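Following: one structure in structure tokens, then a few remarks.
The values are calculated or read from the model by the stated rules, or taken from the named source; none is laboratory data. Since the model is a prediction, treat every value here as computed from it, not as a measurement. With ideal geometry, Cβ positions are generated from the backbone for all residues, glycine too; neighbour counts draw on all protein chains shown. Please note that ligands, DNA and RNA were not included when accessible areas were found on the heavy atoms of the full protein model with its side chains. Shrake-Rupley method; radii C 1.70, N 1.55, O 1.52, S 1.80 Å.
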Amino acid sequence: MQSIEQTLAATRMFRNLTREQLAALARLGEEVEYADGSRLMIEGEPADWFFVIREGFVALQTDAPSGAITIETLHNGDSVGWSWLFEPYLTHFDARSRGATQAIRFDAATLRVRCAEDRELGYELMRSFASVIVERLQATRLQLLDVYGRATVS
Amino acid sequence: MNVIVQSELGPGATVIVDRSALDSLLAAIAAQGYHVVGPTVGDGAIVYGDVSSSAELPVGWSDEQDGGTYRLRRRDDQAVFGYAVGPQSWKQFLHPPNLRLWRARRGEDGTGLEILEEPTPSPRYAFIGVRSCELHAIAIQDQVFLPGAHPDRAYAARREDILLVAVNCGEPGGTCFCVSMDTGPKASSGYDLALTEVLDGERHHFVVEVGTDRGALVLADVPHRAAHDADLAAAAEVTAGAVARMGREMPAVDLRALLLANYEHPRWDDVAERCLTCGNCTMVCPTCFCTSVEDTADLAGDEAERWRRWDSCFSLSFSHLTGGDARSSSRSRYRQWMTHKLATWVDQFGTSGCVGCGRCITWCPVGIDITEEVSAILSNPTPSADAT
Amino acid sequence: MTPRAHRVVSRRGETADTWTLALEPLPGEELPLFAPGQFGMLYAFGVGEIPISVSGASTALDPLRCTVRSVGSVSAALCATAPGDVVGLRGPFGSRWPLAEATAGDVVIVAGGLGLAPLRPAIHHVLAHRNEYGRVIVCYGGRSADELLFMSELEVWRGRFDLDIDVIVDIAGPDWHGKVGVVTKLVELAAFDPDRTFALLCGPEVMLRFGALTLRKRGVPVERCYISMERNMHCAIAQCGHCQFGPKFICREGPVQRYDEVEPWLKIGEL
């Protein structure tokens, strides 16, 4: 298997990070594995972690009276969790593994402190996560358009 | 009268037919089996109808036309063709406003389907008094309906044996702009016979140019005499007069390029404030060809028909899609009509869709003037999206 | 052009409001051959005629299949036909998917909602000539699981080793265990070589634009992206004017069009 640093270097959202920055990030990561149905993140809990999926499938969910509703699913190369960057550092959704998921888990609490010291690293990471946030926002907008609603070929 | 039967009365020949022989011309055409249609006075306008004698033509009539205005008026002479085009065009004969395309029957067991194709008669029309702009309009509709893998049978049958007797304009209407569209006032091709009416004191005759053998064949039975240089000069003066008195002018620019670069021009909002989206312009336009079909069934549900009717890009449902109407604003519908007419028509059929007849200006209830709309965009073009 | 009578030989419900009709010409009549991407005009007796996606019949052996969503009076009448009923059909009309041009490279098929219907014959063609193509990828997005077309066939395709099919839905019910999100996500995840990829897209216009944008981000040149467009076809032979889209008659120049040739026009609102 690839080292954590290699995995990060191949992850699109981190393409702007320097070697040193990737190494710094990799030092805060650890390889983790989740069984089917286990939770990577729990809604409302402190957002002290974020993840990069190596191999697997993670569903972002929220509970409704009818049961858990999946809002979005995340896949190989996707990051899971951005609440660690923004006050009050609380997780917004459950992240649940579908099948076995291999991921890298990052110590976000420490990384936050590191970013405050190393503004360049902080800036690049903010850019990385901003690009993810933008992509997800665009996707959400598309979902809101409900384009398949009765507007397609007859 | 001095009757000269010319031996070389072929295409390219020019002769004189006296006013008094016009009935002879109409009779000769009818004698060849043509269904003769020409201008008449009806409903306070020049309209097309069956004509068997020159007395049924609008002798001594003219018209006054402007944006949203049309009035017949008496002339102070007995000119036969002393008016411009009216609300109708020849497309109503070649491309009828309502046409049954076919009928269908359920089979014996109630589940079958038998389609009975509508017969397509060939009425052998002779159109009398076709203006140059209208010859161009017919040629333009030919390009819509005839080429390709699926020519329109009804149009082709009506068009096939037609005799076109053109009249070169001496009296343009107030909304005419054929000179700037290069479509008149003198017929340059596409006619069987082309008449120029010369009326000068006692002298009243037609200078007749022969366009085809078919035209020559008709003319052979009509008293005529040789045309001299002076006659040709007199005829040329008639159309030159029309050029000089042309009511409107389309700006002499590449209209296609201008409009394609100005899809987002504020002028479309301006015209949308005035446009009622009534579709009059498309009904009177001699080239507008859009239709819709309507399917009907009898009460028992055993027989069905399909009718084709003129439709208009100004009607809301025209651009209907499953998710809504593609062109819901008047702005977009006027823009579709004008950009199609003057710009994308060129992409589709190789020519402009406008012949400068001015009908859309005259019959617009609020007097929207296509030449004025183009001028407004031209005077203040805004570079728009990169549509090409 | 008059419709020709065809008999409904079977009718399969795809979703709550969408049906696939299999049609056969009456005895002695020839089966019209629709190339993948072409469309037909389907006539319900006395009710009317609508353009329909031909979702099957690239070969003379198959019955012709048309997938129809019940949204108006004509489509409702067509969806309500029973085996043995007769409907009218005109066609084939319009352009085809660039399946000959796409050989030797990867083929990425992006479908949204009912857009899978006109792409189905293209998928069949590619699978029937599998060795002529590189990787074959189908990205299918739908509103929800119960609005996906051809479910049993999707399962069959999923089982093939020579076809990568992925499905994603906007809205997941409790029974959906697949991907949730928009179809562009599948395009981002898919493995293909952009330098030798042809992409075929069909679905709602918004999806087409975003799909093409994602393909461009992935490095697929816009002139190798093809979309199938919906417009209000009536005559289907470029004579009634309804389906005009700028200079094009979608019934004749389309419905399948090279994306770079329509892209500037897609940017003009209410065209």
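General remarks:
- For the condition open to solvent by less than 10 Å² (accessible area, probe 1.4 Å) and either in contact with a Cys (Cβ under 9 Å, 6 or more places away or on another chain) or within 19 Å of B:Ala304 (Cβ to Cβ) (or both), C:Val54 qualifies.
- Answer residue from segment C:67-81, given it is surrounded by fewer than 20 Cβ atoms within 10 Å (Cβ to Cβ) and facing chain B (nearest Cβ under 9 Å) and is nearest to C:Tyr259 (Cα to Cα) among those: C:Val71
- Entry remark, segment C:228-244: residues being in contact with a Lys or Arg (Cβ under 6 Å, 6 or more places away or on another chain) and at negative phi number 1 in total.
- Test: C:Gly254 is more than 7 Å from chain B (Cβ to nearest Cβ), surrounded by fewer than 19 Cβ atoms within 10 Å (Cβ to Cβ) and in a loop (DSSP other than H, G, I, E, B): no
- Condition met for B:Thr339 (touching a helix residue (DSSP H, G or I) at 6+ places or on another chain (Cβ under 8 Å), of a type in the set (S, T, N, Q) and open to solvent by less than 20 Å² (accessible area, probe 1.4 Å)): yes
- Going through (1) modelled with pLDDT of 95 or more; (2) of a type outside the set (Ser, Thr, Tyr); (3) under 29 Å from C:His234 (Cα atoms) one by one, B:Met250 falls short only on (3).
- Checking each residue in segment C:11-53 for being more than 10 Å from every other protein chain (Cβ to nearest Cβ) and over 28 Å from C:Val126 (Cα atoms) picks out C:Ala16, C:Pro27, C:Gly28, C:Glu29.
- Taking the numbered list (1) touching a His at 6+ places or on another chain (Cβ under 9 Å); (2) under 30 Å from A:Arg96 (Cα atoms); (3) crowded, with 24+ Cβ neighbours inside 10 Å in turn, C:Gly211 passes all entries but (1).
- Segments classed as strands (runs of 3 or more DSSP E), wholly inside segment C:81-166, with at least 1 members that are in contact with a helix residue (DSSP H, G or I) (Cβ under 8 Å, 6 or more places away or on another chain) and under 30 Å from C:Gly219 (Cβ atoms): C:106-112, C:136-142
- Of the residues making up segment A:4-11, none is within 14 Å of another protein chain (Cβ to nearest Cβ) and in a helix (DSSP H, G or I).
- Checking segment B:35-44 against the condition returns no match, with no residue being in the same structural domain as B:Gly201 (by TED's automatic domain parsing), touching a residue at least 12 places away in the same chain (Cβ under 8 Å), of a type in the set (D, E, K, R) and not in a helix (DSSP H, G or I).
- Failed condition for C:Gly142, given (1) of a type outside the set (A, V, I, L, M); (2) over 25 Å from A:Leu74 (Cα atoms); (3) in contact with a Leu (Cβ under 6 Å, 6 or more places away or on another chain): (2)
- Screening segment B:127-220 for strands (runs of 3 or more DSSP E) wholly inside it with 1 or more residues that are small (Gly, Ala, Ser) returns the ranges B:163-167, B:193-200.
- Tally, over segment C:196-208, of residues that are under 16 Å from the mean Cα position of the chain (by Cα), over 22 Å from B:Leu316 (Cβ atoms) and open to solvent by 40 Å² or more (accessible area, probe 1.4 Å): 0
This table checks each residue for (1) facing another protein chain (nearest Cβ under 10 Å); (2) of a type in the set (Ser, Thr, Tyr); (3) open to solvent by 30 Å² or more (accessible area, probe 1.4 Å).
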| residue | (1), (2), (3) |
| --- | --- |
| C:Arg158 | no, no, yes |
| C:Ile171 | yes, no, yes |
| C:Trp176 | yes, no, yes |
| C:Val187 | no, no, no |
| C:Ile227 | no, no, no |
| C:Cys235 | yes, no, no |
| C:Phe245 | yes, no, no |
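- When segment B:284-298 is filtered for residues that are at the interface with another protein chain (Cβ under 7 Å from one of its Cβ atoms), outside any strand (DSSP E or B) and either open to solvent by less than 10 Å² (accessible area, probe 1.4 Å) or more than 29 Å from B:Ala272 (Cβ to Cβ) (or both), only B:Phe289 remains.
- Scanning segment B:267-282 for residues that are in contact (Cβ under 8 Å) with a residue 40 or more places away in the chain and either open to solvent by less than 70 Å² (accessible area, probe 1.4 Å) or within 20 Å of B:Thr351 (Cα to Cα) (or both) yields B:Arg267, B:Trp268, B:Asp270, B:Val271, B:Ala272, B:Cys275, B:Thr277, B:Asn280, B:Cys281, B:Thr282.
- Number of the exception - A:Ala139 against (1) modelled with pLDDT under 95; (2) outside any helix (DSSP H, G or I): (2)
- Of all residues in segment B:152-169, those that are aliphatic (A, V, I, L, M) have Cβ atoms under 7 Å from Cβ atoms of residues that are surrounded by fewer than 20 Cβ atoms within 10 Å (Cβ to Cβ) and not in a strand (DSSP E or B), 6 or more apart or on another chain, in B:Ala154/B:Thr120; B:Ala156/B:Leu146; B:Ala157/B:Thr120; B:Ala157/B:Pro121; B:Ala157/B:Ser122; B:Leu163/B:Arg214; B:Leu164/B:Gly190.
- Count of residues meeting criterion [touching a Cys at 6+ places or on another chain (Cβ under 9 Å), among the charged types (D, E, K, R) and open to solvent by 20 Å² or more (accessible area, probe 1.4 Å)] in segment B:132-190: 1
- Here C:Glu230 fulfils each of the conditions (1) farther than 25 Å from C:Val74 by Cβ; (2) in a loop (DSSP other than H, G, I, E, B); (3) under 17 Å from the mean Cα position of the chain (by Cα) apart from (1).
- On inspection, C:Phe210 qualifies as in a helix (DSSP H, G or I) and out of contact with any Gly (no Cβ under 8 Å at 6 or more places or on another chain).
- The numbered conditions (1) surrounded by 15 or more Cβ atoms within 10 Å (Cβ to Cβ); (2) over 22 Å from the mean Cα position of the chain (by Cα); (3) assigned to a loop (DSSP other than H, G, I, E, B) are all true for B:Gln88 except (2).
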